[in-house]
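Novice: Next up is a structure, given as structure tokens.
The values are calculated or read from the model by the stated rules, or taken from the named source; none is laboratory data. What you are looking at is a predicted structure, and each value in this text was computed from that prediction instead of being measured. Here the Cβ positions follow ideal geometry from the backbone for every residue, glycine too, while neighbour counts run over all protein chains shown.
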Amino acid sequence: MTLRRQRCRFDFDAKRRREIARHALHVEAAKTADFERWLVAWQWHNPKAAEPIWSLMEAANRMS
């Protein structure tokens, strides 16, 4: 009898993007001069985006 492994459908990139956005809101990153650091980190974890510029603009809106 062999045990089959379940396929993991968990998306680590999506979880990391949520963590980055939550942290940016917590420290009020949009009010600082280095807000782009959070945006760059968010974009690193968004490799599969069909429209990366639009998704980055939406992330910036959610973080501010």
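Novice: Kindly indicate whether His45 is in contact with an Asp or Glu (Cβ under 8 Å, 6 or more places away or on another chain), at pLDDT 95 or above and surrounded by 10 or more Cβ atoms within 10 Å (Cβ to Cβ). Give the steps one after another, and end with the answer.
Specialist: Working: in contact with an Asp or Glu (Cβ under 8 Å, 6 or more places away or on another chain): yes; at pLDDT 95 or above: yes; surrounded by 10 or more Cβ atoms within 10 Å (Cβ to Cβ): yes.
Yes: the conditions hold for His45.
Novice: Considering every residue within region 24-35, establish whether at least one is surrounded by fewer than 13 Cβ atoms within 10 Å (Cβ to Cβ) and among the aromatic types (Phe, Trp, Tyr). Don't jump to the end; show me each part of the working.
Specialist: So in region 24-35, the residues surrounded by fewer than 13 Cβ atoms within 10 Å (Cβ to Cβ) come out as 26-28, 31-34.
Narrowing further to those that are among the aromatic types (Phe, Trp, Tyr): none.
Scanning region 24-35, I find no residue that is surrounded by fewer than 13 Cβ atoms within 10 Å (Cβ to Cβ) and among the aromatic types (Phe, Trp, Tyr), so the answer is no.
Novice: Right, next: Could you check region 24-37 and list, in sequence order, the residues that are touching a residue at least 12 places away in the same chain (Cβ under 8 Å) and either acidic (Asp, Glu) or more than 9 Å from Met63 (Cα to Cα) (or both)?
Specialist: Phe35
Novice: Does Met1 count as at pLDDT below 95 and either surrounded by fewer than 14 Cβ atoms within 10 Å (Cβ to Cβ) or touching a Phe, Trp or Tyr at 6+ places or on another chain (Cβ under 6 Å) (or both)?
Specialist: Yes; evaluated as a whole, the condition is true for this residue.
Novice: Go through (1) touching a residue at least 24 places away in the same chain (Cβ under 8 Å); (2) assigned to a helix (DSSP H, G or I) one by one and return the number of the condition Lys48 breaks.
Specialist: For Lys48, the failing item is (2).
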